[in-house]
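The values are calculated or read from the model by the stated rules, or taken from the named source; none is laboratory data. Note that this is a predicted model, so its numbers are computed, not measured. Backbone-built Cβ (ideal geometry, glycine too); neighbour counts: all protein chains shown.
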Amino acid sequence: MNRLRLKLCWGTLALGAALTFGITPAVAAIGPSRALDSLRTGRAAEPATAGLTAAQGTGTPQTAAAGPGGAYTALAPTRLLDTRGSGQTLAAGGTLSLTVTGASVPADATAVALNVTVTGTTASSYLSVYPAGEARPLLSNLNWTAGQTIPNLVIVPLGSNGQVTFYNASGSTDVVVDLEGYFAPAVATAGSYVPLTPARITDTRSGSGEPNSGGTLAQGSTLDVQVTGAGGVPSAGVAAVLLNVTVTDTTSPGYLTVYPQGTAFPASSNLNWEPGETVANRVVVPVGVTGQIAVFNSAGSTDVVIDVDGYFTTGSSTPSGASLFSTMTPVRVLDTRATGKTLGAGTSLTENMAGIDGIASNASAVVTNVTATDTTAGSYFTVYPGGTIPVASDLNWGPAETVPNLTVATLSSTGTLTVYNPSGNVDLVIDAFGYFVPETPAPLVITTASLPGVEAGATYSATLTAYGGTPPYSWVVASGSLPAGLTLSAAGVIAGTASAPGASTFTVAGSDSTTPGPETASAPLSIVVSSSVPFDTGNPASNDTALANDVSAACDWSNSTAAACQQASVSALDAAMTGEGLSPTVIAASFWSLPYDQQLLLLANGDRTARDLPAISGPEAGLDALALTGAEDLTDPIGPSGYSWGSNWAEATNTVEDEFLWMYDDGLGSDNIDCTSSHTAGCWGHRENILMAWGGPTGFGGGCTTISNPPFLPYESCGEIFVKGYL
């Protein structure tokens with residue numbers, strides 16, 4: 001429509017004693033019913049499992065000690081210690097303290113996650129990692145035989161001066177330490193842990209039937225593994241995952257590095273092995289932007305098996321089960337050598353954990369060291385909350401081996417865990433080091449502050465939003481009523497076809513999924529349904545020629561900003577609106593100092609609100625530039641993909657005159673060259689654009705520039721643009 005002279009780290013747990021995410025010598029075969037692929041034997045027995053030397057729990061209800069709740073912050077792996085280069089090789093009975101706080105770890109951190117590797121070992125031995133300044137616990141974190149290189153993820157509280165201490169029992173060994181993350185008091189919902197029933201998300205062995213089956217890793221190759229959306233991990237809101245990663249069918253010495261897909265390769269390793277070994281380790285790793293992790297194999301070929309145990313949150317929401325870590329004094333909660341409950345082949349043992357021996361009664365998961373001893377055949381343990389046995393393993397062993405592994409055991413709704421043994425006889429020892437309890441979610445708040453209007457007869461859809469509580473939410477209209485034809489679904493979607501004009505005020509209420517009693521919140525809202533009467537029906541029968549002549553007499557191209565021209569334009573617009581039975585737009589003295597696009601926006605909204613139409617939003621980003629381009633080309637601008645535009649251009653004698661001409665002098669006989677006969681598409685199109693009530697988004701943009709297009713003289717042009725909606 002034209003007138004004549006047209007016018008853009010990775011996280012932490014806090015534990016009461018040094019913890020490790022295990023070294024398992026083998027992984028369960030493709031299905032949980034099959035025997036093991038390979039076994040490693042002859043490791044030194046650890047002091048807490050060789051005899052009944054650990055603090056023995058009573059198995060009776062006790063009040064949980066108040067330990068600090070911890071949220072995890074994952075970091076890019078950083079090497080803190082390598083005694084091969086520092087000359088600090090640990091001799092038999094030797095200790096070494098390492099400062100961890102500073103740089104990436106804040107002073108208020110309560111614990112750190114370290115990937116600890118022993119190498120250059122000269123005798124069967126074990127390593128204990130514990131807070132500096134505290135008595136060494138009767139527990140071990142890594143066990144090995146002479147010549148082995150063994151890694152393990154260790155989560156340990158910080159001791160004096162932000163340090164942790166390493167103790168070697170026998171022979172000599174070098175120690176390599178990589179920092180993976182830390183736990184600190186929670187200040188937001190980010191870093192909470194959501195325990196899951198263990199699930200297998202990758203098994204590269206041919207015929208496994210799992211994702212990436214047949215994808216054996218060759219030397220120097222990397223496997224991208226989809227983690228979000230797999231094994232119970234949601235597709236969004238995931239910062240990092242807790243995995244049990246195992247290599248098997250290894251053909252040469254090598255190591256495995258697990259890191260977020262799409263990030264720089266870190267100078268660290270998660271698993272190390274010799275040819276023919278099957279080695280497992282728990283890994284906490286952030287997910288990449290695509291929800292994937294990358295697994296790199298350094299040498300030879302190897303198969304990789306990955307089980308997921310849980311995930312840490314980003315804080316974008318508080319999912320059901322989100323929990324924080326609490327410390328406790330380490331305690332032995334079960335030893336079947338003492339209870340006579342040795343597990344036979346194909347048997348399971350269910351043990352109550354919540355509410356006993358200092359574990360909170362509402363614990364959702366327990367950090368434990370699970371040990372198999374007195375073994376008679378190669379087998380494995382699966383630790384799970386109960387129900388169907390998952391395809392996953394937590395530790396593996398051969399005959400006559402004693403094998404420990406740290407397990408973050410997800411508890412059932414009644415606070416129990418179940419341990420399954422498929423083959424031979426085995427005794428089970430469980431030491432508890434800490435537990436997770438559900439965090440108190442942020443209060444439920446409805447974040448929808450307003451709702452868009454709609455034209456009668458048009459399709460409508462808007463979704464209510466909220467934050468806090470425990471998603472998902474359910475919604476109802478608590479009071480008042482929606483416009484006729486619209487309904488609110490339990491999922492929070494207001495949809496339908498508005499049938500009659502008018503304004504409807506109502507209150508919505510949202511409820512979260514907290515059990516047994518949900519949290520609720522409410523908010524008042526309104527929806528304005530505008531008239532669907534065709535615009536030309538409401539247009540003047542003819543141009544207001546007399547008023548237009550008054551404006552023309554006071555204004556010409558040379559005095560558009562003169563007081564007389566401005567006053568004549570205001571008087572004409574006021575008189576025309578009064579004649580239509582409307583309240584005139586109030587134009588303050590400061591109006592004239594505003595930019596042209598803001599003047600046009602205020603005038604257009606004055607005409608709309610006088611007719612009980614909702615105000616339009618604007619200026620819309622990017623429209624000013626489009627307005628200038630369109631004015632210079634004498635064309636409607638081309639908008640971004642997915643939008644169409646309705647535009648008007650007018651001579652810039654002043655913006656009030658433009659508004660008057662658009663609204664009251666745009667029909668046949670006016671300067672509107674597109675209006676060639678009564679009620680054609682070009683007649684009163686400017687008025688229609690200003691008063692239209694599109695169901696989609698609306699925006700306003702205006703720009704003024706000096707342009708020259710023959711046969712017209714150079715002039716200053718201002719434009720108004722409205723977004724018509726999505727194509």
Got a number for residues in segment 185-195 being surrounded by fewer than 23 Cβ atoms within 10 Å (Cβ to Cβ) and either basic (Lys, Arg) or outside any loop (DSSP other than H, G, I, E, B) (or both)?
1
I'm told LEU223 meets every condition in (1) part of a loop (DSSP other than H, G, I, E, B); (2) surrounded by fewer than 23 Cβ atoms within 10 Å (Cβ to Cβ) except one. Can you identify the failing condition by its number?
(1)
Small (Gly, Ala, Ser) and at pLDDT 90 or above: is that true of ALA267 in this structure?
no
Return the residues of segment 286-321 that are touching an Asp or Glu at 6+ places or on another chain (Cβ under 8 Å), among the hydrophobic types (A, V, I, L, M, F, W, C) and closer than 22 Å to ALA71 by Cβ; say none if nothing qualifies.
ILE293
Restricting to segment 422-475, and then to whatever is closer than 29 Å to ILE359 by Cα and small (Gly, Ala, Ser), can you tell me which residue is surrounded by the fewest Cβ atoms within 10 Å (Cβ to Cβ)?
ALA442
Going through segment 117-143 in order, the residues found to be among the hydrophobic types (A, V, I, L, M, F, W, C) and surrounded by 24 or more Cβ atoms within 10 Å (Cβ to Cβ) are VAL118, LEU127, VAL129, LEU139, LEU142
Restricted to segment 415-460 and to residues being closer than 30 Å to GLY346 by Cβ and small (Gly, Ala, Ser), the residue modelled with the lowest pLDDT is ALA432
Which count do you get for residues in segment 334-365 that are modelled with pLDDT under 90 and either of a type in the set (Asp, Glu) or part of a strand (DSSP E or B) (or both)?
2
Do we have THR373 as under 15 Å from THR347 (Cα atoms) and hydroxyl-bearing (Ser, Thr, Tyr) here?
no
Going through segment 258-282 one residue at a time, which ones are under 16 Å from VAL176 (Cβ atoms) and either hydroxyl-bearing (Ser, Thr, Tyr) or surrounded by fewer than 23 Cβ atoms within 10 Å (Cβ to Cβ) (or both)?
PRO266, ALA267, SER268, SER269, ASN272
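From the list VAL383, VAL419, VAL403, pick out the single residue that is at negative phi and under 30 Å from the mean Cα position of the chain (by Cα).
It is VAL383.
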Any residue in segment 82-105 that is under 38 Å from the mean Cα position of the chain (by Cα), of a type in the set (D, E, K, R) and under 25 Å from THR257 (Cβ atoms)?
yes
From the set of residues in segment 320-346 that are β-branched (Val, Ile, Thr) and in contact with a strand residue (DSSP E or B) (Cβ under 6 Å, 6 or more places away or on another chain), which is surrounded by the most Cβ atoms within 10 Å (Cβ to Cβ)?
THR327
Cβ-Cβ below 6 Å, separation at least six or inter-chain, first residue in segment 240-268 and more than 23 Å from ALA71 (Cβ to Cβ), second surrounded by fewer than 20 Cβ atoms within 10 Å (Cβ to Cβ) and of a type in the set (Ser, Thr, Tyr): which pairs?
THR251/SER301; GLY254/SER298; TYR255/SER298
